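Notes follow the structure.
Only the coordinates and a few stated rules stand behind these numbers; no lab work does. These numbers were taken from a predicted model, which means no experiment stands behind them. Every residue, glycine as well, gets a Cβ built from its backbone with ideal geometry; the counts of neighbours run over all protein chains shown.
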Amino acid sequence: MTDDKPLHVQVAEALGWTEIHEAGTPGCCGDILLPGVRWNGRAPGNMLVGHIGHHDRVPDFSTDWSATGPLIVQYALDLSDHRKSPVGGRENDPTAWMATAWRPDHDPEEVFHGKGRTPLIAICNLIVELSALGKLDRPPRTP
């Protein structure tokens, strides 16, 4: 999947974030940061009726374990390290890490993979891919 948005923004969209925009761009509640410094949006469950302008910082899922680690548990993802694989894995290989999602019944036809240079990038790629395929079960929104 190709997208001009940074990977962590694509993950946020897959997870149900809305109104995502670069801080410092119009409609951003007066942020005075330079464009591209960070991304803001409405997190799932942040549905404040009648409240305009409250946005959360989009976590950098591609580099922040505290943001992405819980997703591994929530979506029951597996991680595999192929850097030292006997079939030729190596450091900084764009496919060195693989994240795997199994469907609940472990149907071999329903196994999905995301690859990346780091574990977090592999997880992010998998989440974006699952969302694109309509296979990402979003958690229920909280009132």
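Look at Leu133, Leu77, Leu126 and count the other Cβ atoms within 10 Å of each Cβ; fewest to most, that gives Leu133, Leu77, Leu126.
The residues His55, His21, when put in order of fewest to most other Cβ atoms within 10 Å, stand as His21, His55.
By the count of other C-beta atoms within 10 Å, a proxy for reagent exposure, Val111, Val58 are ordered fewest to most as Val111, Val58.
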